[in-house]
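K.L.:
My questions all concern the structure below.
Throughout, read-outs are computed from the coordinates displayed, never taken from laboratory work. Quick caveat, the model's predicted, so the values are computed rather than measured. Note: ideal-geometry Cβ built from the backbone for every residue, glycine included; neighbour counts use all protein chains shown.
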Amino acid sequence: MISVLIADDEQPAIDELAFLLGQDARIGIIHHASSGAEAIRLLTREPVDAAFLDIHMPGLNGFDLARAVQRFERRPALVFVTADEEGALEAFDLAAVDYLLKPVRSERLQRSVTRIVEALKSQAAPATDAASSPEMIAVSLGGTTRMIRRDEVRYVQAQGDYARLHTEEASYLVRVPMSDLERQWSDVFVRVHRSYLVAIPHLARLRLGGDHPSVTVGGAELPVSRRCLPALRERLESATIRPRT
């Protein structure tokens, strides 16, 4: 069973989240803290598997607390709980397992607990397995923020100054230029057009000959520009994928 900490400066918010967590059979001990300083003291003396942190606490806020926890030998999985979406990208930078918006819904909280369980399993696995644990990304959809796995992204589409991530389930706009993602994700993604990056593991069909070269990813046929074609061929060769012409 998972031991958790709820840190929030509003007692009704603590009570509500504790009640919802208590309905999940995977949750064991639930610790409470009404400030960041109290949370730090509790974390130094109690074994805690996961911490649900309110962002907007006076003094030591949720992000400050998360940075302090990074120095702990035993680091709990972090879930931020807040009333706004402003901090989603910073939460991603702090390797949060999830980002919950208030008021927290029961079914959404259950998904967070599932992610905590998966994160704890990754930590317990041998180092070689932990190194391959999936990267998480904070995205927005329909006014809510959630975390998705980077390996779920099939291709990236340029959308003005931002980028749209396409997965099997949906597409998500992130406030990051596609050029930044191309540089950060060059281990798996390759540019095929000025408007598209594709994930090499998700390539389903290649048509690199003829007048209109293209790749098919997740049912979407995307154009390949003449400028990007040589680099694409080189990446495919190094990945031991033979293009179908």
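K.L.:
Starting from the Cα gyration tensor of segment 32-85, take the square roots of the eigenvalues, sort them a ≥ b ≥ c, and report rounded, prolate or oblate (rounded when a/c is under 1.5, otherwise prolate if a/b is larger than b/c, else oblate).
P.N.:
Prolate, because a/c is 1.5 or more and a/b exceeds b/c.
K.L.:
So which DSSP H runs in the chain come out at 15 Å plus along the axis (Cα) with average Kyte-Doolittle of at least 1.0?
P.N.:
Values: long enough: 11-22 (16 Å, 0.82); 106-124 (27 Å, -0.55).
Qualifying helices: none.
K.L.:
Can you pull the Rg over Rh of segment 152-245, Cα-only, Kirkwood?
P.N.:
Reported Rg/Rh (Cα atoms, Kirkwood Rh): 0.94.
K.L.:
Right, next: Please give the direction-averaged projected area of the C-alpha convex hull for segment 1-92, in square nanometres with one decimal. Walk me through the numbers before you get to the answer.
P.N.:
Working: hull surface 22.6 nm².
Hull-based average projected area comes out at 5.6 nm².
K.L.:
Let me ask something else about it. Okay, helix-only estimate at 222 nm for the chain: each DSSP H run of n ≥ 4 adds -39500 (n - 2.57), divide by all residues, round to 500 deg cm²/dmol; what do you get? Walk me through the intermediate numbers first.
P.N.:
Working: 8 runs with 76 residues, N = 245.
Helix-only estimate at 222 nm: -9000 deg cm²/dmol.
K.L.:
Subtracting the Cα-Cα distance from 0.36 nm times the residue separation, let me have the gained length for ALA220 to MET1 in nm, one decimal. Don't skip to the answer; put the middle values down first.
P.N.:
On the way: separation 219, 0.36 × 219 = 78.84 nm, distance 4.24 nm.
The ALA220-MET1 span can extend by a further 74.6 nm.
K.L.:
Ratio of Rg to Rh for the chain, alpha carbon only, Kirkwood? Please report the intermediate quantities before stating the final value.
P.N.:
On the way: Rg = 20.9 Å, Rh = 19.8 Å.
Result for the chain is an Rg/Rh of 1.06.
K.L.:
Count the net charge of all other residues whose Cβ sits under 15 Å from the Cβ of ARG226, scoring Lys and Arg as +1 and Asp and Glu as -1. Numbers along the way, then the final one.
P.N.:
Values: positive: ARG191, ARG194, ARG207, ARG227, ARG233; negative: ASP211, GLU234.
Summing Lys and Arg as +1 and Asp and Glu as -1 gives +3.
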